[in-house]
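Q: I have a structure I would like to understand better, so I am pasting it below and will then ask my questions one at a time.
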Amino acid sequence: MLYLIGMGLEVGDMTLKGDAIIKKCSEVYVEDYTSFPYEVKGAKHLSREDTESKLLIKLAKEKDVALLVGGDPLFATTHMSLILDCQKNQVKYEIIHAPSIMNAILKTGLSPYKFGRIVTISKNFRSDSKRIKSNQEVNLHTLCLIDPVLSAHDALKVLRDMGYESKMILCERLGNKSEKIVYAKLTDLLKLELGARPHSIIIPSKLHFFEEDILNTFLLHK
């Protein structure tokens, strides 16, 4: 059987159910390509390539295998593909959920009902940037994740070069004890000295007065 277990946003977020399952599994792997390094005694780190291969499916046919994933295990399409592979190969699986960025962004005060399609800023982001415009046209906020090969400053420069200069929200390590949320113009965000990853950016659309009141508590220059 294959268990996809969410690790949450920091050490300690994993559920008791997930912790109990790990103890009974013959093989435990950690996939941390898109999240913080998570150390579990006896667990092996799995590369993105191995995660996307048939390795876990082959192992799960013979034994109980756990894959530990940052945030919630169903947030990444790679893990949804694993579920499809399980179904095609008649391998049993179970999902153990955990906190994810989708929960944590609500700390900004933005309404969960006003978020549009999520985008990932990468080196080739220009072709996907229409999604931000589409969100804005229907008055929806945009959560921008950042490809691990880029820094937050790199991502901000990509947005700047595409003409985005308005106020946006820079989030550092959301859901972590050392989290930081800053609301400012892009030019001011570029001047900040940033802390450890992960980072994300939110481009807000038209704000409800309640959203604006809370968001203004995170203003860089009050």
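Q: Among 139-147, 46-54, how do they line up by average Cβ neighbours within 10 Å per residue, starting with the highest?
A: 139-147, 46-54
Q: Follow-up. Taking the dipole about the Cα centre of segment 102-218, with the C-beta of Lys and Arg at +1 and of Asp and Glu at -1, give me whichever of Y183, F115, L215 is farthest to the positive side.
A: Going by the Cα projections, it comes out as F115.
Q: Oh, and also: What number, in percent, do you get for the relative contact order of the chain if the mean sequence gap of Cα pairs under 8 Å and at least 6 apart is divided by its residue count?
A: That works out to 20 percent.
Q: Tell me which residues come under 5 Å, amide H to amide H, from A66 once H is placed; ignore anything under 5 positions away on its chain.
A: Hits under the 5 Å cutoff: Y3, E27, V28, Y29.
Q: Further question on the same structure: Once both labels are modelled 7 Å past Cα along the beta-carbon direction, what's the I118-H153 spacing in nm?
A: Distance between the two pseudo-spin positions: 2.7 nm.
Q: Based on the Cβ-Cβ distance from L106 to E62, what FRET efficiency comes out when R0 is 30 Å, to the nearest 0.05? Working shown, then result.
A: Values: r = 41 Å, r/R0 = 1.38.
For L106 and E62, the calculated efficiency is 0.15.
Q: Can you compute the label reach from S26? Point 7 Å from Cα along the Cβ direction, backbone N cut-off under 11 Å, restricted to segment 39-66.
A: So the set is 59-65.
Q: In debye, nearest 20, what is the charge dipole magnitude of segment 2-99 about its Cα centre with +1 on Lys and Arg Cβ and -1 on Asp and Glu Cβ, if you could check?
A: 440
Q: Return M80, M7 ranked ascending by Cβ neighbour count within 10 Å, so the fewest neighbours appear first.
A: Fewest-to-most Cβ neighbours within 10 Å comes out as M80, M7.
Q: Here's another thing I want to ask about it. Taking 7 Å along the Cα-to-C-beta vector as the label spot, tell me the K177-S129 distance in nanometres, rounded to one decimal.
A: 4.0
Q: Here's something else I'd like to know. Using DSSP, restrict attention to beta bridges with both residues in the chain and report what percent are antiparallel, rounded to the nearest 5. Before the final figure, lay out the partial values.
A: Values: 14 of 35 bridges.
So the antiparallel bridges in the chain amount to around 40 percent.
Q: Would you kindly state how much longer the chain becomes between I83 and A196 on full extension, computed as 0.36 nm times their sequence separation minus their alpha carbon distance, in nm to one decimal?
A: That pair, I83 and A196, stretches by 37.5 nm at full extension.
Q: Using the count of nearby Cβ atoms within 10 Å as a rough guide to exposure, how do H79, H199 rank from fewest to most?
A: Starting with the residue having the fewest Cβ neighbours, the order is H79, H199.
Q: Oh, and also: Taking the Cα centre of segment 102-218 as origin, sum charge times position over the Cβ atoms of Lys and Arg (+1) and Asp and Glu (-1), and report the length of that vector in debye to the nearest 20. Intermediate values should be presented prior to the final figure.
A: On the way: 18 positive and 13 negative charges, 46 e Å.
Value, rounded to 20: 220 debye.
Q: Where the centroid of each part is defined by its Cα atoms, how far is segment 53-113 from segment 183-198 in Å?
A: For segment 53-113 versus segment 183-198, the Cα centre distance is 30 Å.
Q: Calculated from DSSP H runs of 4 or more alone, at -39500 (n - 2.57) each and per residue, what is the 222 nm mean residue ellipticity of the chain, nearest 500?
A: Values: 9 runs with 65 residues, N = 222.
After summing the helix terms and dividing by residue count, I get -7500 deg cm²/dmol.
Q: Would you work out the relative contact order for segment 2-99, in percent, from Cα pairs under 8 angstrom that are 6 or more residues apart?
A: Relative contact order, segment 2-99: 47 percent.
No value in this document is a laboratory result; all are computed from the given coordinates. Here the structure is a predicted model, which means the values were calculated and not measured. Please note: Cβ atoms are built from the backbone with ideal geometry, for glycine as well, and neighbour counts cover all protein chains shown.
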